[in-house]
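The values are calculated or read from the model by the stated rules, or taken from the named source; none is laboratory data. Keep in mind that this is a model prediction, so the values were computed, not measured. Neighbour counts are summed over all protein chains in view; Cβ atoms, including those assigned to glycine, are modelled from backbone coordinates with ideal geometry.
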């Protein structure tokens, strides 16, 4: 009998929870009434090839996944997001000896602007930064792969934070 009452309480709680109106955060438009936006490939002032495409793709993915704003090509949008990767720098985090680096940190700084009708700036941020560490490999191929993965993680993190700020209008 005690098991039956416990089971009924669990089922009741689940049923009540279904209709409580709780929902996950997200959705809405990236800025006020921006329902459609184009995203230009980020200008890349760094020495890291592919970084502009990586940051652009992550931002498009994040807008598509987390908002109701539709990403369209430039001809079908009155609002545009453009970005510039100002820098991607590397610094040593740890060494196993005075000559051998074992871990590096990648730092990226980007500027992003959301432009509305008539070129009006609706939202912008300058020197938006993120960092990630990676393990240095003695193999050049593996080291480049580790570095690329760190840059891609930064692009993902930057996109998440940018969309969050745009939707919250900070």
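Below is a table of values for the structure above.
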read-out	value
Options 151, 70, 117, 106: the member that is within 21 Å of residue 30 (Cβ to Cβ) and either modelled with pLDDT of 95 or more or within 21 Å of the chain's Cα centre (by Cα) (or both)	70
Boolean, residue 117 is at negative phi, in contact (Cβ under 8 Å) with a residue 24 or more places away in the chain and touching a strand residue (DSSP E or B) at 6+ places or on another chain (Cβ under 7 Å)	no
Filter result for the condition that a residue is over 15 Å from the mean Cα position of the chain (by Cα), farther than 21 Å from residue 74 by Cβ and surrounded by 16 or more Cβ atoms within 10 Å (Cβ to Cβ), over 136, 158, 141	136
Sole residue being under 20 Å from residue 61 (Cα atoms), in contact with a strand residue (DSSP E or B) (Cβ under 6 Å, 6 or more places away or on another chain) and surrounded by 19 or more Cβ atoms within 10 Å (Cβ to Cβ), chosen from 163, 106, 112, 125	112
Members of segment 70-87 that are in contact with a helix residue (DSSP H, G or I) (Cβ under 6 Å, 6 or more places away or on another chain) and either surrounded by 17 or more Cβ atoms within 10 Å (Cβ to Cβ) or part of a helix (DSSP H, G or I) (or both)	71, 85
Test: residue 47 is at pLDDT 90 or above and in a loop (DSSP other than H, G, I, E, B)	yes
Any pair with Cβ under 6 angstrom, 6 or more apart, that starts in segment 95-108 at a residue that is in contact (Cβ under 8 Å) with a residue 12 or more places away in the chain and ends at one that is part of a loop (DSSP other than H, G, I, E, B) and surrounded by 10 or more Cβ atoms within 10 Å (Cβ to Cβ)	101/136; 102/96; 102/136; 104/136
Search result, residues across segment 52-69 that are surrounded by 16 or more Cβ atoms within 10 Å (Cβ to Cβ) and in a loop (DSSP other than H, G, I, E, B)	67, 69
